[in-house]
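A.B. asks: Just dropping this structure here.
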Amino acid sequence: MTLMPKKRFLISLVALGYFATGWLTIAITGLKTAASPIWIPAALALTCLFLWGENLWLGVFLGDFLLLKVLGGSWIIALFSALGSSLAAFWGARMLKYWQFSGYLNRIRDVMALVFLGALLSSSLNASLDTFGYNFIAGRPNALQHWTMVWLGDSSAILVMTPFLLRVYLEGRGAWRCQPQGRRKEAYLCMGLLLLVGSLVFGLEEIGVNTLMSPLMSAQYLEYLPFPFVMWAALRFQTWGAVTANFLLSLLALMGTLKGVGPFMLQTPFLGQSILLLQMFLAVVTTTSLFLASAVAEREKIEKQLRASLEREKLVAQAAVRVHQSLDLGAIFETTVEEIRYFLTGEQVYIAYLQDSSPVEIVAESLETGYSSLLGWIPDADLIGEVTGFFRNTDLLVVNNTEHFTELPVLKEYFTNFEVKSALVLPLKVNKQPLGVLVVQQYSRPRHWQKLEVKLLEQLATQVSIAIEQAQLYQRLRRLNTNLEQEVEERTLEVKEKMQELTRFYEMKTVFFQAVSHDLRTSMMGLVMLLKNLGSQAGELISLPRLMLDQVIQQSDRQLTLINALSEDHFSLQSSLVFDFQSLSLRELLTDIFQNNDGLLQQNQAQVYNEISEDLPPINGDKRLLSSAFKHLLSNALKHNPPGVTITLDAKVDKDMIYCSFIDDGTGMNEAQCQGLFKLYVRSLYNHRLTGIGLGSYQCRQIIEAHGGRIGVYSRVHEGTHIWLTLPIRFNEKVLG
């Protein structure tokens, strides 16, 4: 399989870089094939494979192999060394990517990944393979010492050089140029002092000192004098300050130790032990400074996010106040689109709104100069249906690049027709009911919408939905208030008219009752007395036949009864009803009424079916008044129907009421008669065979309603009459303790 030209070039570049840095490191240290205290090619290999891909491991292999052969190493040693170097770089780069390592080292997790995965673990692979080839295959002694030196040399180089190389590659001079002039001066001062103190500490003997400085040469732990300047760089300039300080300090410490001067040579006369102390020192300084720099960077990032969040909340609150200042929908929409375009620096923001039964229309828009307006545009039904269906399962549509958007074909066509490059679409809902959409569009270029921008838009959309709900509620209240005022005026006029009409009726009724009660009672009483006297005479021969006489007496008694009832009705309308409530059995009450009126039933050839169950709960009522009401209903059924009528009684429990039915199969009534049956002053003018003035039905309604029930009628002409009424159930009283 042939390699691509670019890949071949990169492999060659990695191999050349590895070879060159290895040759330079050996030339500086003068250790030739021995393990270097800082093996810079290991850092270069890990950096290249992490940045450009693990498949460049072949370049590391070739560079290491050629270096060892040029230096005179055997084939076995060169092979195992190249294999270990390439495998360590490959595994280290792979693990760093798996850990989502960032070369900017702005997070603590990135520093941990570099220390444990990139430096300690990956270096152990190279140390193991190199030691196996160098000591066991080639038969050289001191395997543990060789493994330790290789492992520490690779780890030290990765901790010192890899962060430096990554920052140079990723930022170059950008991090330096973006610093203000004051920070640059501070950086110059910090690095200058670090170089000065580091040169004195690690090159003291080489520089030469007088007798006043001789006590300093024998001081313990002199190597940590530059440490505060490294911390200064890490605290003030974060990662790039830490890696630069580490690089400079490591270079000074390495050069001094290799030349046999510095604090490590004072602690032990052996070069190997001095190098070990150097490596431990570099590991402590670099890891400490990197962790400190990443912690400061994370803290500043969190503070920046908090400040941005507070600023965003402040802006949202201010925008919400401006949106809620008006209860007019038009003003709310205009304020919303202006505020959102200001916050998001969008090129177009509009609201498409659904107004009652009207189609969706763009009712508000904020547009950057140079673009066509969509105000008043009505989208197609297909587009509205597709977007509405999409928002049933989600609350946001983010389109960073419309060229790659294929989820909604009709919306994709809309983006293409209007040359939209990027968009944000949010639904506007009130009580989970869709009202329209809020849209932010970019025409000039695609745009990657940030999470903060999306969050801001969602918060503003929520405030707009609340404002819309308030405005709609206000409009409904205004309409209801207007309608209520009109209805009150109309009802007031109707009540005035009814009161005037009732006043006239009461005046007419008083006069009428006085005349009827006086004149008719007097004449009828005289007639009855005369007829009774005639009926009391002995013998069969009188001036009238006895049968006719009996009928006259019966009719006269009936007329007198009606006159007395009329008087009772008159006085009952002008006074309140007095009740004596008790527990009553509806079946027994109706049975007594029909038994007492058996003669009247036989006279009218009527049949009664009492289908009321004996298990029906008792009712709570006044026996006298209810008997009067049921007697009137029975009398009406007999009077207003021809002989032979059938009357059916039934009752059932409906919640806490008894629903009673009084049904006959007589002539029935029309709708007008049904509506006026239980009203006041309805006369029986619909049937010429009926007598009376019709106050009994009204009194029935008064009695039933006074008991807490209702009464009504269902009827059609020639289909009989169904009178229904409800009465409350009698509940047993319990003593509450």
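The values are calculated or read from the model by the stated rules, or taken from the named source; none is laboratory data. Bear in mind that the values here come from a model prediction, so they are computed numbers and not experimental data. Ideal geometry is used to build each Cβ from the backbone, glycine not excepted, and the neighbour counts take in all protein chains shown.
A.B. asks: Which helices (runs of 4 or more DSSP H) sit wholly inside the range 214-301 and have at least 1 residues that are of a type in the set (Val, Ile, Thr), modelled with pLDDT of 85 or more and in contact with a Leu (Cβ under 7 Å, 6 or more places away or on another chain)?
C.D. replies: On the way: elements: 214-217, 227-258, 263-267.
In the range 214-301, the matching helices (runs of 4 or more DSSP H) lie at 227-258.
A.B. asks: Just a yes or no: is a residue in the range 94-101 at pLDDT 90 or above, part of a helix (DSSP H, G or I), more than 51 Å from the chain's Cα centre (by Cα) and not hydrophobic (A, V, I, L, M, F, W, C)? So that I can check it myself, show each step before the final result.
C.D. replies: Going residue by residue through the range 94-101, those that are at pLDDT 90 or above are 94-101.
Narrowing the set further to residues that are part of a helix (DSSP H, G or I) leaves 94-98.
Next, only the ones that are more than 51 Å from the chain's Cα centre (by Cα) stay: none.
No, every residue in the range 94-101 fails to be at pLDDT 90 or above, part of a helix (DSSP H, G or I), more than 51 Å from the chain's Cα centre (by Cα) and not hydrophobic (A, V, I, L, M, F, W, C).
A.B. asks: Against the condition among the charged types (D, E, K, R) and in contact (Cβ under 8 Å) with a residue 60 or more places away in the chain, how does Asp622 come out, does it pass? Quick ask: steps written out before the conclusion?
C.D. replies: Details: among the charged types (D, E, K, R): yes; in contact (Cβ under 8 Å) with a residue 60 or more places away in the chain: yes.
Spelling it out, Asp622 is indeed among the charged types (D, E, K, R) and in contact (Cβ under 8 Å) with a residue 60 or more places away in the chain.
Conditions tested, residue by residue: (1) more than 15 Å from Ser444 (Cα to Cα); (2) touching an Asp or Glu at 6+ places or on another chain (Cβ under 8 Å).
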| position | (1), (2) |
| --- | --- |
| Val337 | yes, yes |
| Thr345 | no, no |
| Ala352 | yes, yes |
| Pro359 | yes, no |
| Glu365 | yes, no |
| Tyr371 | no, yes |
| Gly376 | yes, yes |
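A.B. asks: Also, quick follow-up: Report yes if Val437 is closer than 19 Å to Glu347 by Cα, modelled with pLDDT of 90 or more and not polar (S, T, N, Q), otherwise no.
C.D. replies: Values: closer than 19 Å to Glu347 by Cα: yes; modelled with pLDDT of 90 or more: no; not polar (S, T, N, Q): yes.
Spelling it out, it is not the case that Val437 is closer than 19 Å to Glu347 by Cα, modelled with pLDDT of 90 or more and not polar (S, T, N, Q).
A.B. asks: Return yes or no: is Leu44 of a type in the set (A, V, I, L, M), assigned to a helix (DSSP H, G or I), surrounded by 20 or more Cβ atoms within 10 Å (Cβ to Cβ) and in contact with a Ser or Thr (Cβ under 9 Å, 6 or more places away or on another chain)?
C.D. replies: Yes: the conditions hold for Leu44.
A.B. asks: Restricting to the range 431-464, name every residue that is among the β-branched types (Val, Ile, Thr), over 22 Å from Leu383 (Cβ atoms) and in contact (Cβ under 8 Å) with a residue 12 or more places away in the chain. Before the answer, list the steps.
C.D. replies: Applying the first criterion (among the β-branched types (Val, Ile, Thr)) to the range 431-464 yields 437, 439-440, 454, 462, 464.
With the extra rule that they be over 22 Å from Leu383 (Cβ atoms), the set shrinks to 454, 462.
If the condition is that a residue be among the β-branched types (Val, Ile, Thr), over 22 Å from Leu383 (Cβ atoms) and in contact (Cβ under 8 Å) with a residue 12 or more places away in the chain, then Val454 is the only one that fits.
A.B. asks: State which residue is surrounded by the most Cβ atoms within 10 Å (Cβ to Cβ) when the search covers only the range 406-427 and only residues that are assigned to a helix (DSSP H, G or I) and of a type in the set (A, V, I, L, M, F, W, C).
C.D. replies: Step one: of the range 406-427, the residues assigned to a helix (DSSP H, G or I) are 409-417.
With the extra rule that they be of a type in the set (A, V, I, L, M, F, W, C), the set shrinks to 410-411, 415.
Values: Val410: 14, Leu411: 23, Phe415: 18.
Residue satisfying both the conditions and the ranking: Leu411.
A.B. asks: Also, I was wondering about something else. Of all residues in the range 648-682, how many are surrounded by 16 or more Cβ atoms within 10 Å (Cβ to Cβ), part of a loop (DSSP other than H, G, I, E, B) and not acidic (Asp, Glu)?
C.D. replies: Residues flagged as surrounded by 16 or more Cβ atoms within 10 Å (Cβ to Cβ), part of a loop (DSSP other than H, G, I, E, B) and not acidic (Asp, Glu) within the range 648-682 amount to 8.
A.B. asks: Specify the residue that is farthest from the chain's Cα centre (by Cα); the eligible residues are those in the range 606-644 that are among the small types (Gly, Ala, Ser) and in a helix (DSSP H, G or I). Break it down stepwise before answering.
C.D. replies: Taking the range 606-644 as the starting set, the residues that turn out to be among the small types (Gly, Ala, Ser) are 606, 613, 621, 627-629, 635, 637, 644.
Subset that is in a helix (DSSP H, G or I): 627-629, 635, 637.
Values: Ser627: 63, Ser628: 64, Ala629: 61, Ser635: 67, Ala637: 65 Å.
Looking at residues that are among the small types (Gly, Ala, Ser) and in a helix (DSSP H, G or I), I get Ser635.
A.B. asks: Only residues in the range 639-663 that are assigned by TED's automatic domain parsing to the domain that holds Trp724 count as the first member; pair them with residues that are among the acidic types (Asp, Glu) and not in a loop (DSSP other than H, G, I, E, B), Cβ under 7 angstrom, at least 6 apart or cross-chain, and list the lot.
C.D. replies: Asn641/Asp664; Val645/Asp664; Thr646/Asp664; Ile647/Asp664; Ser661/Asp650
A.B. asks: Of the residues Gln459, Gln433, Gln450, which single one is among the polar types (S, T, N, Q) and closer than 24 Å to Val321 by Cβ?
C.D. replies: Details: Gln433 fails: closer than 24 Å to Val321 by Cβ; Gln450 fails: closer than 24 Å to Val321 by Cβ.
Of the residues listed, the single one that is among the polar types (S, T, N, Q) and closer than 24 Å to Val321 by Cβ is Gln459.
A.B. asks: Of the residues that sit in the range 698-737 and are at pLDDT below 85, part of a loop (DSSP other than H, G, I, E, B) and not small (Gly, Ala, Ser), which one is farthest from Ile647 (Cα to Cα)? Spell out the reasoning first.
C.D. replies: Quick first cut of the range 698-737, residues at pLDDT below 85 only: 698-699, 730-737.
Next cut, part of a loop (DSSP other than H, G, I, E, B) only: 730-737.
Next, only the ones that are not small (Gly, Ala, Ser) stay: 730-736.
Numbers: Arg730: 26, Phe731: 30, Asn732: 32, Glu733: 35, Lys734: 39, Val735: 42, Leu736: 44 Å.
Once the filter is applied, the top-ranked residue is Leu736.
A.B. asks: Of these, Phe80, Phe90, which one is in the same structural domain as Tyr134 (by TED's automatic domain parsing), at pLDDT 95 or above, surrounded by 16 or more Cβ atoms within 10 Å (Cβ to Cβ) and not polar (S, T, N, Q)?
C.D. replies: Working: Phe80 fails: at pLDDT 95 or above.
Only one candidate qualifies: Phe90.
A.B. asks: Out of all the residues in the range 25-41, which are in a helix (DSSP H, G or I) and modelled with pLDDT of 90 or more? Give the steps one after another, and end with the answer.
C.D. replies: Our first condition is that a residue be in a helix (DSSP H, G or I); within the range 25-41, this holds for 25-29, 40-41.
Within the range 25-41, Ile40, Pro41 meet the criteria.
A.B. asks: Taking Glu588, is it in the same structural domain as Phe662 (by TED's automatic domain parsing), under 26 Å from Arg730 (Cα atoms) and out of contact with any helix residue (DSSP H, G or I) (no Cβ under 9 Å at 6 or more places or on another chain)?
C.D. replies: On the way: in the same structural domain as Phe662 (by TED's automatic domain parsing): yes; under 26 Å from Arg730 (Cα atoms): yes; out of contact with any helix residue (DSSP H, G or I) (no Cβ under 9 Å at 6 or more places or on another chain): yes.
Spelling it out, Glu588 is indeed in the same structural domain as Phe662 (by TED's automatic domain parsing), under 26 Å from Arg730 (Cα atoms) and out of contact with any helix residue (DSSP H, G or I) (no Cβ under 9 Å at 6 or more places or on another chain).
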